[in-house]
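No value in this document is a laboratory result; all are computed from the given coordinates. In this text, all values refer to a predicted model and were calculated from it rather than measured experimentally. Cβ: placed from backbone, ideal geometry, glycine included. Neighbour counts: every protein chain shown.
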Amino acid sequence: MAGFLDRAKEQAQNALNQGKQKVDEVQQQRAGNELLKRLGAAYYAEQRGTGTGQATQDALNALEAHIAVHGDGFLRG
């Protein structure tokens, strides 16, 4: 009986870890999408004359930092 409970506990822990991993992936994708949106808005404002090149560069730097840590998977889907 102890072996069964150990296996059940292990399976439950694995499912919990997979769920946490998926939540992290979704949060990272949302953060990447938000940074991409900020970059687009900064570039648009710069082109319209209401933004600055520095704001665009700051947004680009933030996006590149996110990609360096989390990858660019959010760009594909």
Inset, instruction - Might you report the magnitude of the Cβ-based charge dipole of the stretch 2-76 about its Cα centre, with Lys and Arg at +1 and Asp and Glu at -1, to the nearest 20 debye? - result: 240
Inset, instruction - For the chain, with a Gaussian network of springs between Cα atoms less than 10 Å apart, report the residue from 16, 36, 60 with the top mean-square fluctuation. - result: 16
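Restricting to DSSP H runs of at least four residues, report the calculated mean residue ellipticity at 222 nm for the chain, -39500 (n - 2.57) per run over all residues, nearest 500 deg cm²/dmol.
Numbers: 2 runs with 65 residues, N = 77.
For the chain, the value works out to -30500 deg cm²/dmol.
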Inset, instruction - Go from 0 up to the bin containing the longest alpha carbon distance in the chain, width 10 Å each, and give me the % of pairs per bin. - result: 18, 30, 20, 14, 10, 6, 2, 0
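Using 0.36 nm per residue of separation minus the Cα-Cα distance, give me the extension gain between residue 65 and residue 44 in nm, one decimal.
Numbers: separation 21, 0.36 × 21 = 7.56 nm, distance 2.11 nm.
In short, 5.5 nm is gained.
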Legend entry - Listed residue (18, 40, 62) projecting farthest to the positive dipole end of the chain, Cβ model: 18
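Assuming R0 = 35 Å, what is the FRET efficiency of residue 33 and residue 6, from their Cβ-Cβ distance, to the nearest 0.05?
Details: r = 41 Å, r/R0 = 1.17.
So the FRET efficiency works out to roughly 0.30.
Considering Cα pairs under 8 angstrom that are at least six residues apart, work out the relative contact order of the chain and quote it in whole percent.
After rounding, I find 29 percent.
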